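Just so you know, all these numbers are worked out from the coordinates, no wet-lab data involved. Note that the structure is a prediction, hence the values are computed from the model and not measured. Please note: Cβ atoms are built from the backbone with ideal geometry, for glycine as well, and neighbour counts cover all protein chains shown.
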Amino acid sequence: MPSEAIERPEPVTKLVSNGGRDPDGSARMIGRWTFQYTPARRLVEKNLTGRVLNACAGKTKLRHDGEIVRNDLNPDLDADTHLDVATIADHFDPQSFDTVVFDPPFDQKQAEEKYDGLHASDVYSALEQFNELVRPDGAVIVFGWNSWGMRSFHAFEREETVLLQRGPIHRDVIVTVDRRTSSTLATNGGDPR
């Protein structure tokens, strides 16, 4: 295979080690509610612009000077909507968000142990939904066990890949920030520019 055909992954932008303490004395550890972990919350909040969809909001409320639409599948949590992210674009206008935050349970075991079995029915379908919902120059921030993010959609380019290290015996949480850098045929009335 010619060397020019090999695609090199983007480098990890930042490593964040788990542990230590926040200024208020609370432990800095990734737990059930990701955004109670200060480094994760700061990473997301610095990337929030315009109208935001927090697609799997959980119980932690992010700080942002614009509108945040909070969605969580669990009807017992305080959220604006309780929709499955696999069909969420059916409930909002196309390109109606500047930022989407996607922090679902990363696998079935995690969903069963920590979230009463609730999880996105199809993560790839959720990513397709976000492709429809994000405006040009908007961003999708994805948390998970892999660095795929919005790579399946050519309109996006990777801005950042962050590893939230959880220690020597646990998998790192991988955060990707992908920005829509081009429009799609649908957004330009068939004009590919």
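Stick to Cα atoms and the Kirkwood definition of Rh, then tell me Rg/Rh for segment 28-137.
0.94
Pulled fully out, how much extra length does the chain show between S17 and W145, if you take 0.36 nm times their separation in residues and subtract their Cα-Cα distance?
Additional length available on full extension: 44.5 nm.
Put a dot 7 Å past each Cα toward the Cβ at E128 and D78; how far apart are the dots in nm?
For D78 paired with E128, the spin-label model returns 3.5 nm.
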